[in-house]
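**Q** Structure below; questions to follow.
What follows draws every value from the coordinates through simple rules; no lab data is involved. Please read these numbers as outputs of a predicted model, since none were measured by experiment. We place every Cβ from the backbone using ideal geometry, glycine too, and count neighbours over all the protein chains shown.
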Amino acid sequence: MKLAHTMLRTGKPEEMIKFYKKAFDFELREKKEMETFTLYFLRNPEQTAEIELTYNHGKNEEYGKGEGFGHIAIHTEENQTLQEAYQKAVKAGGEDYRPPKECPGNYGFVKDPEGYEVEILGRKPPKKQ
């Protein structure tokens, strides 16, 4: 399995994007505008793992460190279903937190032994040529 992204909440997305660009040569790969929040996906062009910055509209002050961290995300293996990966994580000691059937997309969440959320992302089937 490979790390997909780590999500951090921010009240100052422009500052954060500028910092990651300058400090680590990260680029803004994608911006997703939602009704109540905006997502910014940053990564170094030489890597596949990203940082997802989440700006909750109207929340402009700094987050406390305890609520500033959101989750990490892990892709399933190429020949592994989302449900198989989810069950494997639960059997390994993860808390059955938000199974794929309760999520609106191709993902689910477990909690690790410390209570941190881990999003398991199902791989999309390969595109037909």
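**Q** Strictly over 32 Å apart at the Cα level, which of Lys31/Lys111; Lys2/Lys31; Lys22/Lys91 would you flag in this model? Working shown, then result.
**A** Values: Lys31/Lys111 27 Å; Lys2/Lys31 22 Å; Lys22/Lys91 41 Å.
Listed pairs above 32 Å: Lys22/Lys91.
**Q** For a quick check: with amide H placed at 1.01 Å from N, whose amide H comes under 5 Å from His75's, ignoring anything fewer than 5 positions away on the same chain?
**A** Answer set, sorted by chain and number: Lys2, Ala4, Leu121.
**Q** Then there's this: Plugging the Kirkwood radius over Cα pairs into Stokes-Einstein for the range 3-121, at a temperature of 25 °C and a viscosity of 0.890 mPa s, what D comes out in µm²/s? Don't skip to the answer; put the middle values down first.
**A** Details: Rh = 15.4 Å.
The calculation lands on 160 µm²/s.
**Q** What FRET efficiency comes out for the pair Lys88/Phe24, r = Cβ-Cβ distance, R0 = 35 Å, nearest 0.05? Don't skip to the answer; put the middle values down first.
**A** Numbers: r = 32 Å, r/R0 = 0.91.
Using R0 = 35 Å, I get an efficiency of 0.65.
**Q** Okay, moving on. Hey, what angle do you get for helix 82-91 against the long axis of the chain, alpha-carbon based, 0 to 90 degrees rounded to 10?
**A** 90 degrees
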